[in-house]
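Reading through the structure tokens given below for one structure.
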Amino acid sequence: MGRKLDPTNKVKRGPGRKARKQKGAETELAKFLTDEESGPKRLSSRARKRAVKRSQDSKNIKDVAKEQPKKGFTDENNEWLKPAKRKRKIDQPESEDDSDDQWEEEEEEEVEEEEEGGNKIGKKGASLGIEEVDDDDDDDDDDDDEEMVDDYGALEDSSDEEGAEEGSDGEDLLPIERAAKKQKKLKEAMTQESEEDDDSGDDDEDEEGENADADMDEEDTVQANIDEMDQFRLPGAEEREKEGVLPVDLQTIHQRIKDNIDVLSHFATKREAGRERSEYVSLLKKDLCTYYSYNNFLIEKLMDIFPLSELIDFLEANEIQRPVTIRTNTLKTRRRDLAQALINRGVNLDPIGKWSKVGLVIYDSSVPIGATPEYLAGQYMLQGASSFLPVMALSPQEGESVLDMSSAPGGKTTYIAQLMRNTGVIVANDANADRLKSVVGNIHRLGVTNTVVCNYDGRKFPKVMGGFDRVLLDAPCSGTGVISKDPAVKTSKDEADIQRSAHLQKELILAAIDSVNAESPTGGYLVYCTCSITVEENEWVVDYALKKRNVKLVPTGLDFGKEGFTRFKERRFHPSLRLSRRFYPHSHNMDGFFVAKLKKFSNTVPATAEEKEEQDADTSEATVATDNPAEKPSKEEKTKKSVPGKAGTSQDKAQANGTAAKKTTNIQPKGKKDLPTGPKKPKIAKIDGETVKGAEGKKSTIKTAGESKESGAGKKGGSRFEKKLDQKRKSPKKNNRLGKNKFKKLKKMLEREDA
Amino acid sequence: MRPLTDEETKTMFEKLSKYIGENIKLLVDRPDGTYCFRLHNDRVYYMSEKILKLATNISRDKLVSVGTCFGKFTKTHKFRLHITALDFLAPYAKFKVWVKPGAEQSFLYGNHVLKSGLGRITDNTMQYQGVVVYSMADVPLGFGVAAKSTQECRRVDPMTIVVFHQADVGEFIRSEDTLT
């Protein structure tokens with residue numbers, strides 16, 4: 001019997017590869033088919049009832065499906081971002097709709113004849129009891145396989161013995177219903193179709209029976225291993241050992257992960273008595289490592305970052321590729337023109353979302369997207385969606401000087417240039433000379449002319465030059481956010497790697513801050529970003545910078561993304577870290593990313609930790625005799641913390657640091673020891689100035705007479721820098737003076753308090 | 001990094017003038033600031049004074065590129081234009097050649113332009129005149145030398161070369177390492 005396509009009861013499958021293209025064809029097909037279907041099928045009353053029920057069910061399902069994406073993406077990205085689909089397919093049973101559809105016709109044909117038979121059976125069952133029904137069934141269905149009957153019996157036994165839900169349900173049911181169920185099961189074993197065949201005359205009863213049937217049906221279709229599912233139990237030690245020897249079955253592990261998470265999320269109700277949470281967690285960890293092939297360390301890290309439900313989403317999202325995105329080069333073309341040109345080449349694309357005016361998402365393409373004449377002519381750049389974000393956060397202005405500290409392969413650099421419309425100056429630095437070749441290639445291809453490309457170690461950059469209006473630091477990282485791009489990260493990283501990159505990042509962020517000019521009229525900003533999601537490489541580094549330099553966090557200007565952590569395990573970060581943004585593959589469908597924007601409010605470098613420690617030691621020595629020691633350290637701490645915190649207040653920017661530093665010292669009742677620390681800062685600034693000046697001087701001596709013009713220019717630049725340094729040198733002195741006033745005031749206050 | 005010597009300036013300007021003629025002076029005297037040529041690692045860079053100032057901070061061995069690279073001096077002191085100069089050649093080009101969409105790809109892979117792929121050509125192009133090659137959508141694709149004059153082009157058979165390939169934007173990918 002041929003299957004007929006029923007347009008009224010169309011099965012909704014996932015949006016296929018060509019779903020977008022062929023909408024027109026579908027509607028046409030529907031039109032065409034309705035003509036054919038004009039004479040509706042004659043349905044029996046039960047069939048009609050079922051149809052109503054089915055439609056309701058499917059509606060519900062659709063509603064759920066509609067709501068789901070909202071859960072995934074809280075921002076406007078849900079327009080183009082689709083929730084991750086799994087790459088690794090697990091043999092899932094067909095959805096209910098499908099199964100219904102497939103067997104519908106057979107069902108309908110059989111309904112009539114079976115109604116009579118069913119009635120008979122039902123009546124018999126009602127009068128004679130269960131045992132007989134069993135016999136009856138066997139008699140009725142001679143053609144059934146013996147095996148199946150046996151199987152069924154075993155199933156029943158097991159369910160009874162285990163006292164599982166099924167069994168208990170069965171006991172509550174009326175005999176007639178039990179009979180119905182049994183017969184149904186038996187038949188299902190063969191054809192899975194005769195759901196409603198056994199009906200008594202009574203409608204109400206019939207309804208109940210159907211409900212029960214429907215429930216059963218769902219369970220049946222979901223999994224064969226029902227009895228495993230309804231109560232998850234931890235495998236014993238010997239079982240695990242066995243597992244180590246036998247080849248692993250990924251499907252059962254996946255099922256176990258699901259069940260385990262279910263238990264862990266309702267731990268009080270679903271736990272097995274006498275089992276610790278840690279046992280469940282350790283099993284889950286092991287399973288996740290096996291199933292997704294991560295190393296133990298990384299899974300632990302991820303478990304710390306994500307709640308369990310999110311963790312699975314994240315791991316699944318890492319298994320699939322992010323969509324290919326491109327950025328229009330507005331120096332050469334407009335997005336509309338580019339989109340048209342690419343569509344003409346057979347590329348299927350869409351705008352990336354409301355948040356970007358230059359991005360396009362490529363769905364599929366008949367030509368290699370990285371080798372079209374448009375690409376070669378520099379009209380666009382292949383760039384991940386997440387790479388747009390730090391540049392948008394940086395928001396460089398025309399005519400500024402910008403430093404991109406680790407620029408390779410030049411995607412962000414060229415984006416900066418296009419936002420500045422090729423004005424001002426960009427310094428693109430990278431520590432790796434080989435990777436700089438791609439920077440040079442991309443810069444020239446995209447027609448960027450305002451760039452200087454150099455090859456320094458970022459940590460030494462402040463010695464080369466400073467005074468930038470904005471600095472972008474895309475720090476080298478462990479790459480835990482881009483596992484979908486580089487799956488080697490799953491196994492290759494360990495604690496030492498994270499620590500190593502965190503250390504490098506801390507050095508780099510200080511160097512980057514030192515390269516910013518706080519007095520810049522338009523800027524004074526630093527954007528720190530990594531493609532890692534570990535806290536050690538992100539919040540911790542920024543927190544470190546807040547403590548070490550006169551910077552404060554400011555909003556990134558990105559209206560989506562998750563807030564950075566202010567507390568993580570035992571660590572507590574500065575509360576303003578809420579302003580940083582985290583991006584995840586599962587919730588934003590871009591690479592895992594972290595963006596923080598810092599504003600530098602003073603060019604002076606606060607006293608280093610050693611100096612502070614010295615101070616602390618001094619103060620404690622000085623005050624042991626005079627003051628009660630318990631009070632002081634807490635105060636010390638408070639003031640120390642308030643150094644970065646001051647940034648938010650309305651205090652004079654330049655003053656903030658000075659006063660804060662003063663306060664730390666002034667808390668001592670006798671301010672003898674702080675006298676030497678006061679002038680220290682200006683001295684440091686002076687030394688810095690001298691070294692830079694010295695470098696300038698050296699350079700000017702190198703220059704030959706032939707290039708007088710150039711050297712003149714160099715001098716001009718030098719003088720500008722010197723001016724700035726002069727300012728630097730002056731400002732601390734001012735601070736000092738103001739600080740003394742404050743000092744007196746504070747002293748008075750303290751005296752009053754003491755009195 | 002140093003300014004060009006007179007000899008070098010002459011060689012380079014002679015080469016440039018093959019493509020953009022007297023428009024060279026538009027490159028040097030620009031309304032939006034002073035621009036200049038500098039030599040670094042045998043390569044000629046074209047940049048504004050402002051960028052030049054900043055670049056002087058960087059030591060010679062650490063400097064990779066400044067502004068736009070125009071080309072390089074060979075060991076025999078000839079000047080060879082690079083594809084990176086296309087951004088400045090295309091707007092000022094005196095003689096242009098447009099290639100048909102079918103021949104675009106062939107040109108971008110480094111082949112000469114054949115008569116069959118020739119879409120349009122500027123009138124009065126002399127033989128061996130430097131030309132800039134465009135796609136029919138007016139996207140500059142590279143530059144080369146006219147192998148035939150415009151008149152000859154009308155007569156020759158379809159498989160004859162009409163433009164010798166010198167540089168094309170495909171080089172951004174093919175020879176990324178040697179661009180600068």
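When A:TYR375, A:TYR415 are checked against the criterion of being of a type in the set (Phe, Trp, Tyr), more than 14 Å from chain B (Cβ to nearest Cβ), under 20 Å from A:ASP337 (Cα atoms) and part of a helix (DSSP H, G or I), A:TYR415 stands alone in meeting it. Taking first residues from the range B:111-139 that are touching a residue at least 12 places away in the same chain (Cβ under 8 Å) and closer than 12 Å to B:GLN166 by Cα and partners that are in a strand (DSSP E or B) and among the basic types (Lys, Arg), the Cβ contacts under 6 Å between residues at least 6 apart in sequence or on separate chains come to B:VAL132/B:LYS96. Looking across the range A:341-364, the residues that are farther than 21 Å from A:GLN418 by Cα and either assigned to a helix (DSSP H, G or I) or of a type in the set (A, V, I, L, M) (or both) come down to A:ILE343, A:ASN344, A:VAL347, A:LEU349, A:ILE362. Residues considered: A:SER395, A:SER438. Of these, the only one that is in contact (Cβ under 8 Å) with a residue 60 or more places away in the chain, surrounded by fewer than 24 Cβ atoms within 10 Å (Cβ to Cβ) and not hydrophobic (A, V, I, L, M, F, W, C) is A:SER395.
A:GLY524 - would you say it is closer than 21 Å to A:VAL471 by Cβ, touching a residue at least 24 places away in the same chain (Cβ under 8 Å), of a type outside the set (A, V, I, L, M) and buried (at least 20 other Cβ atoms within 10 Å of the Cβ)? Don't jump to the end; show me each part of the working.
Working: closer than 21 Å to A:VAL471 by Cβ: yes; touching a residue at least 24 places away in the same chain (Cβ under 8 Å): yes; of a type outside the set (A, V, I, L, M): yes; buried (at least 20 other Cβ atoms within 10 Å of the Cβ): yes.
Yes; evaluated as a whole, the condition is true for this residue.
Exactly one residue out of A:ASN422, A:ASN450 is of a type outside the set (D, E, K, R), in contact with a helix residue (DSSP H, G or I) (Cβ under 7 Å, 6 or more places away or on another chain) and within 20 Å of A:VAL391 (Cα to Cα), and it is A:ASN450.
Residues checked against (1) more than 24 Å from A:LYS460 (Cβ to Cβ); (2) outside any loop (DSSP other than H, G, I, E, B); (3) under 26 Å from the mean Cα position of the chain (by Cα):
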position: A:ARG500; (1), (2), (3): no, yes, yes
position: A:LEU508; (1), (2), (3): no, yes, yes
position: A:ASP514; (1), (2), (3): no, yes, no
position: A:PRO521; (1), (2), (3): yes, no, no
position: A:VAL535; (1), (2), (3): yes, no, yes
position: A:TYR544; (1), (2), (3): no, yes, yes
position: A:LYS547; (1), (2), (3): no, yes, no
position: A:LEU558; (1), (2), (3): yes, no, yes
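In the range A:435-453, of all residues being more than 7 Å from chain B (Cβ to nearest Cβ) and within 31 Å of the chain's Cα centre (by Cα), the one that is farthest from B:PHE172 (Cα to Cα) corresponds to A:ARG435. Considered as a group, the residues in the range B:121-144 that are within 14 Å of chain A (Cβ to nearest Cβ) and among the β-branched types (Val, Ile, Thr) include one that is surrounded by the fewest Cβ atoms within 10 Å (Cβ to Cβ), and that residue is B:VAL139.
When restricted to residues that are surrounded by 20 or more Cβ atoms within 10 Å (Cβ to Cβ), at negative phi and either free of Cβ contacts under 8 Å to residues at least 60 places away in the same chain or hydrophobic (A, V, I, L, M, F, W, C) (or both), the range B:56-67 contains 6. Restricting the first member to the range B:145-173 and to residues that are within 14 Å of another protein chain (Cβ to nearest Cβ), and the second to residues that are assigned to a strand (DSSP E or B), the beta-carbon pairs closer than 7 Å and six or more apart or on different chains are B:ALA167/B:LEU81; B:ALA167/B:GLY142; B:ALA167/B:PHE143; B:ASP168/B:LEU141; B:ASP168/B:GLY142; B:VAL169/B:LEU141; B:VAL169/B:GLY142.
For A:PRO323, the criteria (1) over 19 Å from the mean Cα position of the chain (by Cα); (2) surrounded by fewer than 23 Cβ atoms within 10 Å (Cβ to Cβ); (3) more than 14 Å from chain B (Cβ to nearest Cβ) hold in every case but one, which is (1). Got at least one residue in the range B:33-43 being in contact with a Phe, Trp or Tyr (Cβ under 7 Å, 6 or more places away or on another chain), closer than 24 Å to A:TYR456 by Cβ and more than 10 Å from chain A (Cβ to nearest Cβ)? Taking every residue of the range B:33-43 in turn, at least one turns out to be in contact with a Phe, Trp or Tyr (Cβ under 7 Å, 6 or more places away or on another chain), closer than 24 Å to A:TYR456 by Cβ and more than 10 Å from chain A (Cβ to nearest Cβ).
On the given criteria, is B:LYS53 within 12 Å of chain A (Cβ to nearest Cβ), closer than 24 Å to A:VAL427 by Cα and surrounded by 15 or more Cβ atoms within 10 Å (Cβ to Cβ)? It would help to see each step written out before you state the result.
Details: within 12 Å of chain A (Cβ to nearest Cβ): yes; closer than 24 Å to A:VAL427 by Cα: yes; surrounded by 15 or more Cβ atoms within 10 Å (Cβ to Cβ): yes.
Spelling it out, B:LYS53 is indeed within 12 Å of chain A (Cβ to nearest Cβ), closer than 24 Å to A:VAL427 by Cα and surrounded by 15 or more Cβ atoms within 10 Å (Cβ to Cβ).
In the range B:1-43, of all residues being among the acidic types (Asp, Glu) and either closer than 23 Å to B:GLY144 by Cα or in contact (Cβ under 8 Å) with a residue 24 or more places away in the chain (or both), the one that is surrounded by the most Cβ atoms within 10 Å (Cβ to Cβ) corresponds to B:GLU8.
Taking residues in the range A:454-474 that are away from chain B (no Cβ under 12 Å) and part of a loop (DSSP other than H, G, I, E, B), and partners anywhere that are surrounded by 22 or more Cβ atoms within 10 Å (Cβ to Cβ) and among the hydrophobic types (A, V, I, L, M, F, W, C), the pairs with Cβ atoms closer than 7 Å and at least 6 places apart or on different chains are A:ASP469/A:VAL402.
Values quoted throughout were computed directly from the atomic coordinates according to the rules given, and no laboratory measurement underlies them. In this text, all values refer to a predicted model and were calculated from it rather than measured experimentally. Reconstructed Cβ throughout: ideal geometry from the backbone, glycine too, with neighbour counts over all protein chains shown.
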